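Asker: Structure in structure tokens, see below.
The values are calculated or read from the model by the stated rules, or taken from the named source; none is laboratory data. Computed from a prediction, not measured in an experiment: that's the story for all the values here. In case anyone asks, the SASA skips ligands and DNA or RNA and just uses the protein heavy atoms, side chains included. Shrake-Rupley method; radii C 1.70, N 1.55, O 1.52, S 1.80 Å.
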Amino acid sequence: VSYALMLLTCQMDCTIEKMVMELRKANPDVSANQVLGILIDYLDNNITLISRMQDKVTLNNVVVNVWGKICSKLKDAVVTKPELQQEHYARVGESLKFLKHHFQSSFAEQGITEEALVTQPEFNEVVDTMDLQKMETEELIIRHYKEQSEERGERSTGAGVIDIKLSLKERRDGKAILFAKLLGARKLIALDANGKSDPFIQLQVVPHHLFPDCELKQSSVKKGTLEPIYNEMFEFIIPQDQIGNGVLVLSVYDYDFISANDFEGEAMVRLTDLPRNSEQHVKWTMALHRPAKDSIYKILEGRVNDRLALKFVEIRRKAMEAEEMQEGVAA
């Protein structure tokens, strides 16, 4: 049985790859069960072998592993193939549903339940990715910033913190003024050879397509310090009806006269979290983060014919890829 399981595992990846390729190439009129013929035949031919296992735990582990690999390949196909049309995404969803039913019926006697399949992380990841792919670019950008802003807070990340005072004052003309007094930053990363940095901070209200009149603001550069003090005031005029979608992004850079400025970290705060019409600014201490690429960024990165998506990726690339670039330099 162990030898047979080894063969099963070795052949499985190749078979799943063939299935994914067929999904990409097949005519939209072709049903999912027709496209999945290669994989279904493969599974059916090996069900007898798998079912011979006397150890139920081992059986469940093997089945769940196969299921997880299938889901992961489907997710990769959805994320990395932006040229696929919506009908292809729909067929991937149909394929997932069909395969889930096939796994349930084939291994029901061995105790494999629907719950065991739908609670697997790989299954939820492909379902979530499918839902994201169906969304318009504008919606994805709004969601990206909202999800990223949830990480703001006082929790230490090792990248330093920003101290800032914020408030939001509504006007009668349907606009609001965002007041930001940048106090300073602490415990920043040393990016220069002398163990210091020359930090400056950029402030921007996003998403850009909802706040086109909110230009990027920038602090002065503080030379040779990891504890810069600014005490600089900034204002943004924003439409009140978009406050619910707005996020203030604070990005810290190390100034470099010769080459490109180095990204140190960023912090975000949702505009809905700010006090409105208060006579006093509220002080915030926000931990800096170095975000990793999320599914939304990867999806928008693939929409090469979408000008809004390309603009978003251009703006976010330095922050989203900073960690990868640092790891590459270290290696």
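Asker: Report, by chain and number, residues whose modeled amide H sits under 5 Å from the one on Gln218, excluding near sequence neighbours (fewer than 5 apart, same chain).
Answerer: Amide H to amide H, under 5 Å and 5 or more residues apart or across chains, Gln218 pairs with Leu203.
Asker: Further question: What ranking of Asp294, Asp273, Asp254 comes out by heavy-atom accessible area, probe 1.4 Å, highest first?
Answerer: Sorted by accessible area, descending: Asp273, Asp294, Asp254.
Asker: Kirkwood hydrodynamic radius for the range 168-267: how many Å is it when counted over pairs of different Cα atoms?
Answerer: Its Kirkwood hydrodynamic radius stands at 14.7 Å.
Asker: Express the accessible area of the range 254-317 per residue in Å², computed with a 1.4 Å probe while the remaining protein chains stay in the model.
Answerer: 53
Asker: Using the heavy atoms of the protein chains and a 1.4 angstrom probe, tell me the accessible area per residue for the range 126-215 in square angstrom.
Answerer: Value for the range 126-215: 47 Å² per residue.
Asker: Oh, and also: Checking the table Lys73/Lys311; Lys169/Lys196; Lys146/Lys175; Lys69/Lys134 against a 32 Å threshold on Cα-Cα, which pairs fail?
Answerer: Distance filter (> 32 Å) returns Lys169/Lys196.
Asker: Could you look at the range 178-311 and say what percent of its accessible area is carbon and sulfur, using a 1.4 Å probe and all protein chains?
Answerer: Details: 3010 of 6320 Å².
It is 48 percent, rounded to a whole number.
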